[in-house]
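Notes follow once the structure below has been shown.
The values are calculated or read from the model by the stated rules, or taken from the named source; none is laboratory data. What you are looking at is a predicted structure, and each value in this text was computed from that prediction instead of being measured. Glycine gets a Cβ as well: all are built from the backbone with ideal geometry, and neighbour counts include every protein chain shown.
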Amino acid sequence: MKLYDCATAPSPRRVRIFAAEKGIELDKVQVDLGSGEQFAPEFRALNPDCVVPVLELDDGTTISEVLAICQYLEELHPDPPLFGRAAEQRAISTMWNNKIEQHGLTHMRDAFRNSAKGLRGHAITGPHDVEQIPELAERGRQCVVAFFDRLEHQLDGRAFITGDEYSIADITGLVLIDFARWIKLEMPEGAVNLRRWHADVSARPSAKA
Ligand SMILES: N[C@@H](CCC(=O)N[C@@H](CS)C(=O)NCC(=O)O)C(=O)O
C-alpha cells in the first residue's frame, strides 16, 4: 500500500494521523503541490481530481478522499476503533466528522484558497482555472471563527469531541485548528475547553505524523 502524500497539506495529514493512531506504517510518496505535480499525467492517472491523499493498493486500485481511505484502514485494522465501537458511537463520530468538514474545513478552504497569492487562478482544487473571490475568503474566516464557538460548547464536559473516546472527529478537528493558525485564525482566548482539548490531542505522538 502506498500513500500519495504532501507533508505540508492538511488533508493527507488526517490520514497520516489516523494511520499513526493505529500503528499502520504506510509507504509514502510525496507529491509537490507547490510545483504542480498533482497536474502531471502520472498523478492524474491515479486521481483525475488532482488532489492528495490517494491510497494505492498493491493490486493498483486507487482510493481517494480522506474519509474513504480512513474507513478502509479502519476495516483492515479495527483496533483501536477510530469510528467508534458500537452503532451509536459510530454514528456520532461520523456525524461530528461531517460537521467539522462542512462547517469548519469547507470555510477554511474558502478563506485560504481565495486569499493566498500562490493560489491566484486556482481557487478551487482540480484541473480547471478558477479565480479567487476575496469576499469568500472573508466569509470563510467569519464562519471558521463561529465554528470555534460550536466546538467550544461541544467540548464542555467532554474529554474528546464525541465523549470519552478519541475518534476520527478529533483528527479532523485538530487539523482544522492547526490549519486555521496557518492563516492566522487563533482559538479565542476564552475558549478554555477548546484550548484544553487542543493541547491534549496535540500531545499525542500521532499529531506529529
Ligand atoms: N475532499 C478531498 C480534499 C483533498 C484536498 O483538497 N487536497 C488538497 C491538499 S489539502 C490538494 O491536494 N490540493 C491540490 C491543489 O491545491 O491543487 C479529500 O477528502 O481527500
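Residue pairs, Cβ under 7 Å, 6 or more apart or interchain, first in the range 130-152 and within 11 Å of R109 (Cα to Cα) and touching a residue at least 40 places away in the same chain (Cβ under 8 Å), second among the aliphatic types (A, V, I, L, M) and in a helix (DSSP H, G or I). List them.
R141/A111; V144/M108; V144/A111; V144/A180
For the range 144-161, which residues satisfy the criterion of being surrounded by fewer than 17 Cβ atoms within 10 Å (Cβ to Cβ), part of a helix (DSSP H, G or I) and either at positive phi or not small (G, A, S) (or both)?
Applying the first criterion (surrounded by fewer than 17 Cβ atoms within 10 Å (Cβ to Cβ)) to the range 144-161 yields 145-146, 149-150, 153, 156-159.
From the residues that got through so far, the ones that are part of a helix (DSSP H, G or I) too are 145-146, 149-150, 153.
Answer for the range 144-161, where residues must be surrounded by fewer than 17 Cβ atoms within 10 Å (Cβ to Cβ), part of a helix (DSSP H, G or I) and either at positive phi or not small (G, A, S) (or both): V145, D149, R150, H153.
Say whether the condition of being within 15 Å of the ligand (Cβ to nearest atom), in contact (Cβ under 8 Å) with a residue 12 or more places away in the chain, buried (at least 19 other Cβ atoms within 10 Å of the Cβ) and β-branched (V, I, T) is met by at least one residue in the range 75-95.
Residues of the range 75-95 within 15 Å of the ligand (Cβ to nearest atom): 94.
This time we only want the ones that are in contact (Cβ under 8 Å) with a residue 12 or more places away in the chain, so: 94.
If we keep only those that are buried (at least 19 other Cβ atoms within 10 Å of the Cβ) too, we end up with none.
No.
Would you be able to say whether some residue in the range 162-177 is surrounded by fewer than 17 Cβ atoms within 10 Å (Cβ to Cβ) and without any contact (Cβ under 8 Å) to a residue 60 or more places away in the chain?
Looking for residues that are surrounded by fewer than 17 Cβ atoms within 10 Å (Cβ to Cβ) and without any contact (Cβ under 8 Å) to a residue 60 or more places away in the chain, one finds at least one in the range 162-177, hence yes.
Here are the criteria: (1) away from the ligand (no atom under 11 Å from the Cβ); (2) out of contact with any Ser or Thr (no Cβ under 8 Å at 6 or more places or on another chain). Tell me which single one E56 does not satisfy.
(2)
Count, please, the residues in the range 106-129 that happen to be part of a helix (DSSP H, G or I) and touching a helix residue (DSSP H, G or I) at 6+ places or on another chain (Cβ under 6 Å). Even if it seems obvious, please write down each step before you answer.
Filtering the range 106-129 for residues part of a helix (DSSP H, G or I) gives 106-113, 117-119.
Subset that is touching a helix residue (DSSP H, G or I) at 6+ places or on another chain (Cβ under 6 Å): 107-108, 110-111, 113, 119.
Residues flagged as part of a helix (DSSP H, G or I) and touching a helix residue (DSSP H, G or I) at 6+ places or on another chain (Cβ under 6 Å) within the range 106-129 amount to 6.
Restricting to the range 28-53, give me the number of residues that are more than 9 Å from the ligand (Cβ to nearest atom) and either assigned by TED's automatic domain parsing to the domain that holds G126 or assigned to a helix (DSSP H, G or I) (or both).
7
Return yes when E25 is in a helix (DSSP H, G or I) and of a type in the set (D, E) and no when it is not.
Details: in a helix (DSSP H, G or I): no; of a type in the set (D, E): yes.
No: the conditions fail for E25.
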